[in-house]
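Asks: A single structure is presented below for examination.
Each reported figure results from applying straightforward, stated rules to the coordinates on display, with no laboratory input. Treat the numbers as computed from the prediction; the structure is a model and nothing was measured. Neighbour counts run over all protein chains shown; Cβ positions are idealised from the backbone, glycine included.
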Amino acid sequence: MKKILYTTLMAVSALLTVSCREFLTVVPEDRVVAENYYVDAEAVRQNTASLYASRPWFDYHSGFMFYGGDMLAGDMYYTYDQEGHYYYNSVTSTNSHLYKGWYTLFRIISFANSIILDMPEAARNNGVEEEVIQAALGEAYTMRAYAYYVLTEYWGEVPIIENSTALITSDNTNDIYVRKNTQESLYRFIERDLERAVEVLPESDDPERATKWTAMGLLAKVQVTHAAYLMGSNQGAAAELYAEAKTNAKNAVDGGQANGYGMWSDYSTMFDVQANNCCESLLAIQCCVGVYGDGNARNANFSRSSVIADQSWGGGKGPTISLQNSYAPEDLRRKAVFMTGGDYYENILSASGGYTYYFVNRGCVPGSDDDPLETAAENSNEMLANIKKYVIGKPEDCDGCVGLNQDGGNNLYLLRFTDVMMVYIEACIGTGNETGDGVAIGYMGQILNRAGLSNNYSSISYIDLIKERRKEFAFEGQNWFDIKRLWYRNHEEALNYLSDMDRDMKYTFNWRHPNFKYDGSGNPTYSLKDQYVWENQREMYTTVWESMDITADNAPDEYYNGAQWLEEHGHRVQNINFNNESMYLPIPEAEATNAPILREPAVEYEFTEEE
């Protein structure tokens, strides 16, 4: 009797349809289907295009990508239900989003495996040019490598699967087929895939597709990760990997620039539809308006309210206090990353003259006759801020490129040109603590200048780089990977970095970071008719204030930062605790139940070819 080894592997026989341009997913079920499908170059290109489409990635990018990458990393505040487990670093093996992330990444691997195994022979038999075949292989190697990179950074040890179909259909019950492989094996496997991709991908292609520079930049990123992982056990091997990463990152930057890649000039528009497949985009999930699964769900997931988006459940999400405090007031990226009091956006509610963020937006709820002074169209959240990145508003704000099926038309970056520039800086630091490399300093200057900041670095330390990357890539699902590299290099430093974050201002009374302003009577202050400034919360927080002996008589009249007051009076932030064991996520219970050997120690992967 045939043994189904993984629920995730069943995806290899799935037939999907994605209604975005040419992104039609048709994954061959076997060799016969492959012969009938890969009939010409266009068919080959259509199938590899499916690797970039939103639909196969949807369960990853619509939740797990930012739950892990941003919430676990301490950048995003959100405490609701199983999503909140990531914020509190309390994810268990039964977390539903954990399973979705695992499943989706192995599904991408299954798609890539099908192309790698089934396409070449079938395409050659149908007379497809070898150049087309090799480029298709390069795309599949790149996407398989990316999926395994994410799996490795979250779970550490996972099974390497090169032939999904064989596992599903095999009568062989030898458990070696489902055993986890070591993290060292996984890095070597990922690097091998990307080295193959570098060899066969073209230097330029359609803007949505991976090229030689995509694979080379991603290879450099994996190499600095692998090097960091080896820092504690093999300094010599780590130094060699950093040197290789430095070369690859520099070549990717130079070669990429020669072929149309580069830094997008305006950070504030980089996450809107107009920047789809722009020069900054080395690798991206392709999104469009269509049915559920076709598009970018961030507009719905991140937007503050139905005032600014037709679908919205992001009111409770916001930047942590720690992330908010990381930006200098003059940093142009800040407004593009999150909204807070007084921020104006001309491209949101554009038909009405734009949108201004008030902590509480006092005004009639659309379609009602409520008194604008008594009705809150938008309430504050605990962070007094909401996410802006990837929020594109209503259809009239983006030429109709957002629908009602969690389907924004703005692409999701997996690898940006700026990321590779920063990987070069990291490789220059290498096994040391800092770098004064002139090219590295120059790259940092370009990144800071785009943000409207001066480059005051003459030397860049590793922790400087981690902090700069945090601001550059906030809410892109990347920052947990940066923290993991810090942890590989120095466990204690990384754990202190995480544990010392002022993620929120949670106290016994569930009170978070308001600003105080008193008018002498303790009454709330209104300014404009449609604006209620959320700076006096006496009525809601009477119990809290009385417990701290705060009254209208002894409180300051000027604006006063509540977090600062509490620090001065000995009320410390309740932080989230991390330890070495919590730096990896548990394997989903459903997978471990189906394949109990996943609970056993990992083994080295047996490579079939010499590297």
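Asks: Once amide H atoms are placed 1.01 Å from N in the peptide plane, what residues at a sequence separation of 5 or more from N181, or on another chain, have their amide H within under 5 Å of its amide H?
Replies: Here V158, I160, V603 satisfy the definition.
Asks: Which of the peptides 131-141, 341-351, 304-314 is most tightly packed, and how do the rest follow, judged by the mean count of other Cβ atoms within 10 Å per residue?
Replies: Highest to lowest by the protection proxy: 131-141, 304-314, 341-351.
Asks: Another question, if that's okay. Tell me, in nm to one decimal, what length is gained between S93 and W313 on full extension, where the rule is 0.36 nm per residue of separation less the Cα-Cα distance?
Replies: So the extension gain works out to 76.7 nm.
Asks: Here's another thing I want to ask about it. Among G409, N455, V420, whose Cα sits farthest toward the positive end of the charge dipole of the stretch 387-460 (+1 at Cβ of Lys/Arg, -1 at Cβ of Asp/Glu, about the Cα centre)?
Replies: N455
Asks: Just from the alpha-carbon atoms, what are the Rg and Dmax of the stretch 73-214 in angstroms?
Replies: Cα-based Rg and Dmax for the stretch 73-214 come out at 17.9, 56 Å.
Asks: Also: In whole percent, what relative contact order does the stretch 67-164 give with Cα contacts below 8 Å and a gap of six or more residues?
Replies: Relative CO of the stretch 67-164 lands at 26 percent.
Asks: Also, quick follow-up: In debye, nearest 20, what is the charge dipole magnitude of the stretch 304-363 about its Cα centre with +1 on Lys and Arg Cβ and -1 on Asp and Glu Cβ, if you could check?
Replies: Approximately 160 debye in magnitude.
Asks: Where nothing but the Cβ of Lys and Arg (+1) and of Asp and Glu (-1) is charged, how large is the charge dipole of the stretch 211-348 around its Cα centre, in debye to the nearest 20?
Replies: 280 debye
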